[in-house]
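The values are calculated or read from the model by the stated rules, or taken from the named source; none is laboratory data. Please read these numbers as outputs of a predicted model, since none were measured by experiment. Glycine also receives a Cβ, built like all others from the backbone with ideal geometry; neighbour counts cover every protein chain displayed.
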Amino acid sequence: MYNAALYVLTVLIWGSTWLAIKYQLGVVSPELSIAYRFGLAAFILLIYSLLRRLPLRYGLKSHGFFALQGFLLFSLNYILVYVAEGYLTSGLVAIIFSLIIVLNVIFGAVFLRNPIRTRVLFGAAIGLAGLSFVFWGELSSFSLTSQKAFGMILALVSTISASLGNVVSARNQRHGLPVIQTNAYGMLYGAVFMLVFAIFRSAQLEFDTSAGYILSLFYLAIFGSVIAFGSYLTLIGKIGLDRAAYVTVLFPVIALLLSTFFEDLEWGTPQLVGVILILLGNAVVVTKKWDIGWMKRSKQDTLPNK
């Protein structure tokens, strides 16, 4: 039940963050907004750790992996997605980013020697097909140009960065580094990387004092970062890189449901078929009976709980 609660919580929160991100666009540059978001999230986690008297002193090697996780997962990944959406529709970016499931399987096998689970790959294929149906309107009108090809490369590199960040998080948990403190330092490093990037790009160092910007910033920092990333990365340690990554297929569905209420989105047959396929893919991913042959689930299939 605990894993299921983390899974649902991550999907619901990340499915709603697109609404908050809309209020972040405009006055403040994207890289600076990302720095504010993860800087605030890091501050909250560090204060929480101090109040709970959690250990915060770690060696240089551990901080190196904190910084690596922060760079891959909390900075590079995000800025590339922001830039990619300047060239591509959000639906196409969502489909490309959902390839993180496959990448997590590959990178998990290469770097962590995780077993390959056929049910995850099979479920991912069903889910990706469903996501294609959900965004069928955007896909059917897509035509490849040099700019859109550049956007696809950015989205793919962003997905690779996020997947490698997942692998680093899994590695950190295997070495006994707790998720809360790792996220606190990782988000702090990520915020610093984004701030340096903003200065390098000569972005205006400003802040939007409007209620919409401030409220959305707190929502993204507390719910989208502290809670959702804490839940997701904990899931990686408990159920594995591959199964946890399926949330990236599910949360666009939540985003579409919210868009139905807030933006009067009209559903058609492709969207309904797509949602059914996504839910079927999720069932395949989380159900053990789909494992077959030499790829059956082993005792080393999941990371040890820390």
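Counting just the residues of the range 104-144 that are of a type in the set (S, T, N, Q) and part of a helix (DSSP H, G or I), which one comes out modelled with the lowest pLDDT?
Start the filter on the range 104-144 by keeping residues that are of a type in the set (S, T, N, Q), which leaves 104, 114, 118, 132, 140-141, 143.
Keeping just the survivors that are part of a helix (DSSP H, G or I) gives 104, 118, 132, 140.
Values: 104: 95, 118: 87, 132: 91, 140: 80.
Applying the filter and picking the extreme gives 140.
Kindly check whether there is at least one residue in the range 46-55 that is under 18 Å from the mean Cα position of the chain (by Cα), assigned to a helix (DSSP H, G or I) and surrounded by 18 or more Cβ atoms within 10 Å (Cβ to Cβ).
Taking every residue of the range 46-55 in turn, none turns out to be under 18 Å from the mean Cα position of the chain (by Cα), assigned to a helix (DSSP H, G or I) and surrounded by 18 or more Cβ atoms within 10 Å (Cβ to Cβ).
Please state which of the following conditions residue 93 fails to meet, knowing it meets all the rest: (1) buried (at least 18 other Cβ atoms within 10 Å of the Cβ); (2) modelled with pLDDT of 90 or more.
Here residue 93 meets the rest and fails (2).
Restricting to the range 1-27, name every residue that is in a loop (DSSP other than H, G, I, E, B) and either at pLDDT 95 or above or among the small types (Gly, Ala, Ser) (or both).
Step one: of the range 1-27, the residues in a loop (DSSP other than H, G, I, E, B) are 1, 23-27.
Of everything in the range 1-27, just one residue is in a loop (DSSP other than H, G, I, E, B) and either at pLDDT 95 or above or among the small types (Gly, Ala, Ser) (or both), namely 26.
Under 7 Å between Cβ atoms, which residue pairs at least 6 apart in sequence (or on different chains) link something in the range 240-252 that is under 19 Å from residue 19 (Cβ atoms) with a partner that is aromatic (Phe, Trp, Tyr) and part of a helix (DSSP H, G or I)?
Hits for this filter: 247/7; 247/14; 247/232; 248/97; 251/14.
Do we have residue 172 as crowded, with 20+ Cβ neighbours inside 10 Å, in a loop (DSSP other than H, G, I, E, B) and in contact (Cβ under 8 Å) with a residue 12 or more places away in the chain here?
Working: crowded, with 20+ Cβ neighbours inside 10 Å: yes; in a loop (DSSP other than H, G, I, E, B): no; in contact (Cβ under 8 Å) with a residue 12 or more places away in the chain: yes.
In short, no.
To keep it simple, each residue is scored yes or no on (1) on the phi > 0 side of the Ramachandran plot; (2) touching a Phe, Trp or Tyr at 6+ places or on another chain (Cβ under 7 Å); (3) not aromatic (Phe, Trp, Tyr).
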{"site": "17", "(1), (2), (3)": "no, no, yes"}
{"site": "21", "(1), (2), (3)": "no, no, yes"}
{"site": "30", "(1), (2), (3)": "no, yes, yes"}
{"site": "43", "(1), (2), (3)": "no, no, no"}
{"site": "65", "(1), (2), (3)": "no, no, no"}
{"site": "85", "(1), (2), (3)": "no, no, yes"}
{"site": "104", "(1), (2), (3)": "no, no, yes"}
{"site": "107", "(1), (2), (3)": "no, no, no"}
{"site": "116", "(1), (2), (3)": "no, no, yes"}
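Going through the range 212-246 one residue at a time, which ones are crowded, with 24+ Cβ neighbours inside 10 Å and of a type in the set (D, E, K, R)?
If the condition is that a residue be crowded, with 24+ Cβ neighbours inside 10 Å and of a type in the set (D, E, K, R), then 242, 243 are the ones that fit.
Each row is one residue, and each column tells you yes or no for (1) basic (Lys, Arg); (2) farther than 24 Å from residue 164 by Cβ; (3) free of Cβ contacts under 8 Å to residues at least 60 places away in the same chain.
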site: 42; (1), (2), (3): no, no, no
site: 49; (1), (2), (3): no, yes, no
site: 52; (1), (2), (3): yes, yes, yes
site: 60; (1), (2), (3): no, no, yes
site: 67; (1), (2), (3): no, no, no
site: 92; (1), (2), (3): no, no, no
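Which is in contact (Cβ under 8 Å) with a residue 24 or more places away in the chain, surrounded by 15 or more Cβ atoms within 10 Å (Cβ to Cβ) and touching an Asp or Glu at 6+ places or on another chain (Cβ under 6 Å), of 114, 104?
On the way: 114 fails: touching an Asp or Glu at 6+ places or on another chain (Cβ under 6 Å).
The unique qualifying residue is 104.
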